[in-house]
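Here, each number is a calculation from the coordinates, and none is a lab measurement. Remember, predicted model here, so these are calculated numbers, not experimental data. Note: ideal-geometry Cβ built from the backbone for every residue, glycine included; neighbour counts use all protein chains shown.
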Amino acid sequence: MFRATILTLYPEMFPGPLGLSLSGDALARGLWGLETRNIRDHGLGRHRAVDDTPAGGGPGMVIRADVLAAAVDAIAQTEDVRPRLLMSPRGRPLTQKRVRRLAEGPGVIIVCGRFEGVDERVIAARGLEEVSIGDYVLSGGEIAAIVTIDACVRLIPGVMGKNASGEEESFESGLLEYPHYTRPREWEGQSIPDILLSGDHAKIARWRHEEALRLTRERRPDLLDK
Ligand code: ADE
């Protein structure tokens with residue numbers, strides 16, 4: 001079973017949206033597992049301190065290497081082969097390809113950063129793979145962890161039902177998805193493209209592919225270069 005273990009200073013943020021809808025139903029059905037650990041349980045002193053001022057000066061606070069390493073060591077035994085991700089705007093961008101590989105595996109351990117970051121020494125020492133969900137800065141890694149897990153969970157066999165693993169979706173084909181329509185046939189003066197009502201499935205497939213190409217060219221030409 002795919003198991004996600006989250007190291008965070010805000011365990012109350014979980015399951016959050018992962019407890020609802022597709023991922024929540026799958027969680028209730030036991031198709032995947034979620035566990036949170038509070039990094040503060042490994043904090044130091046009476047105040048359970050987890051962070052300190054950056055060496056060399058500057059703004060913000062940095063999560064201590066010793067504290068975070070103790071939190072990682074408390075969950076990750078040597079036989080635990082799950083990838084260890086550190087959510088960070090500095091990481092490699094998350095892609096559908098990486099999501100697919102994660103979803104096929106035993107799960108993930110995800111460290112959620114806060115403050116200015118984490119002490120650099122702990123990243124290599126505990127084999128943390130830095131992952132970003134996009135070129136913008138969130139106030140912490142928790143929402144990025146939720147995004148990552150959501151993307152994985154929907155690919156777990158049995159989670160999405162009959163629509164298998166959404167092979168026609170955006171990115172799975174390398175293209176953005178074609179436009180969708182449903183009833184009513186006429187709405188605010190706009191009709192559904194005639195071809196979709198023609199019953200000619202070969203023509204419909206061709207039209208959808210052309211629309212997918214057109215949208216990708218307009219919005220994400222970088223995807224066509226790949
Ligand atoms: N933490 C803060 N910003 C982030 C981002 N863009 N991706 C992943 N983790 C983050």
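Please order HIS42, HIS209 by the number of other Cβ within 10 Å, starting at the fewest.
On the way: HIS42 20, HIS209 13.
Ranked by crowding around the Cβ, least crowded first: HIS209, HIS42.
What is the gain in length, in nm to one decimal, between GLN77 and LEU197 on full extension, counting 0.36 nm per residue of separation less the C-alpha to C-alpha distance?
Contour length minus the Cα-Cα distance gives 37.5 nm.
Tally Lys/Arg at +1 and Asp/Glu at -1 over every other residue whose Cβ is under 15 Å from the Cβ of GLY199; what's the total? Mind dumping the intermediate values first?
Numbers: positive: ARG185, LYS203, ARG206, ARG208; negative: ASP194, ASP200.
That sum, taken over residues with Cβ under 15 Å, equals +2.
Please report, ordered by residue number, every helix of the chain (full DSSP H runs) that is 15 Å or longer along its axis going by C-alpha atoms and whose mean Kyte-Doolittle hydropathy reaches -0.5. Before the final figure, lay out each step's value.
Values: long enough: 65-75 (16 Å, 1.70); 142-153 (16 Å, 1.84); 201-219 (27 Å, -1.44).
Helices meeting the criterion: 65-75, 142-153.
Using modelled amide H (1.01 Å from N, peptide plane; none on Pro or chain starts), what sits under 5 Å from the amide H of VAL111, excluding residues fewer than 5 places away?
LEU7, LEU85, LEU86, MET87
Within a 10 angstrom radius of the beta carbon, how do ASP51, ASP73, ASP150 rank from fewest other beta carbons to most? Don't skip to the end; give the middle numbers.
On the way: ASP51 21, ASP73 11, ASP150 15.
By the 10 Å Cβ count, ascending, the order reads ASP73, ASP150, ASP51.
Between LEU224 and ARG3, what FRET efficiency comes out of the Förster formula 1/(1 + (r/R0)^6) with R0 = 25 Å and r the beta carbon distance, rounded to 0.05?
0.10
Please report MET1, MET13 as a ranked list, fewest other C-beta atoms within 10 angstrom at the top and most at the bottom. Show your work: numbers first, answer last.
Working: MET1 9, MET13 18.
Neighbour counts put them in this order, fewest first: MET1, MET13.
How large is the helix-only mean residue ellipticity at 222 nm for the chain, computed as the sum of -39500 (n - 2.57) over DSSP H runs with n ≥ 4, divided by its residue count, in deg cm²/dmol to the nearest 500?
Details: 7 runs with 69 residues, N = 226.
-9000 deg cm²/dmol, from helical runs alone.
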